[in-house]
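Heads up, the thing below is written out as structure tokens.
Nothing in this text is a laboratory measurement; each read-out follows from the coordinates by a stated rule. Owing to the predicted nature of the structure, the values given are computational and were not obtained by experimental measurement. Every residue, glycine as well, gets a Cβ built from its backbone with ideal geometry; the counts of neighbours run over all protein chains shown.
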Number of protein chains: 2
Amino acid sequence: MHSKTLIEIVKNRREMLQVTQEMLAELSGVGLRTLKQFESGKGNPTLETLNKLADALGLELTFKIKELL
Amino acid sequence: MHSKTLIEIVKNRREMLQVTQEMLAELSGVGLRTLKQFESGKGNPTLETLNKLADALGLELTFKIKELL
DNA sequence: ACATTAAGTGCTTTATATTGCACTATTGTA
DNA sequence: TACAATAGTGCAATATAAAGCACTTAATGT
């Protein structure tokens with residue numbers, strides 16, 4: 001069982017909440033272009049960007065101990 | 001109980017492992033200057049940088065559901 | 001107190017993230 | 001199939017992260 005990527009988590013969460021990229025961009029204060037790039041795997045967002053998205057989605061960015069597979 | 005910041009986690013983990021900033025920079029492939037800025041709270045690192053640090057520290061960057069306090 | 005090691009900072013260059021705009025591609029649905 | 005909504009992309013401007021260097025400050029041990 002490997003953990004989902006940050007991208008998957010954001011996408012899933014967003015869809016679960018029935019929010020479009022446009023709405024999430026609006027809500028989070030992240031540029032639509034930036035969000036699109038991130039979700040399509042093209043991005044290398046800054047911590048600030050990730051935190052804005054997390055906030056808007058009711059999530060929190062953390063480190064967890066990596067399980068030695 | 002509020003969760004520790006990413007900075008705290010990195011610092012604590014690094015110190016627990018008895019690794020200096022210089023060593024961690026070396027091990028992770030992140031520039032020393034970048035690590036210093038991050039740990040001193042001045043930085044806004046990219047996801048790539050955070051992942052490099054996480055890898056070197058045996059950590060994994062994730063989102064968790066935020067607890068409504 | 002002193003020496004040593006580690007951490008933090010000012011300055012600079014280069015690389016790249018962010019953003020908007022206009023456009024294309026995909027997806028779902030009537 | 002045709003339409004509408006949503007997602008993805010090329011281009012360009014601006015802002016800023018990454019990095020090294022030299023230096024200062026703080027912490028640690030003898």
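Annotations for the structure displayed:
- A label point on B:GLU48, set 7 Å along the Cα-to-Cβ line, lies at 1.9 nm from each of its counterparts in the other copies, closest listed first.
- Shown for B:ILE7, B:ILE65: other C-beta atoms within 10 Å of each C-beta, ranked fewest to most, produce the order B:ILE65, B:ILE7.
- Distance between chain A and chain B - C-alpha centres, whole angstrom: 19
- Summed residue charge, Cβ within 12 Å of B:GLY58's Cβ, Lys/Arg positive, Asp/Glu negative: +1
- Over chain B, all Cα pairs binned in 10 Å intervals from 0 give whole-percent P(r) values of 19, 57, 19, 5, listed from short to long.
- With the cut-off at under 14 Å, measuring from each backbone N in the range B:1-25 to a point 7 Å along the Cα-to-Cβ line of B:LYS36 picks out B:21-25.
- Greater than 25 Å apart at Cα, pairs in A:LYS52/B:LYS36; A:LYS42/B:LYS11; A:LYS11/B:LYS11: A:LYS42/B:LYS11; A:LYS11/B:LYS11
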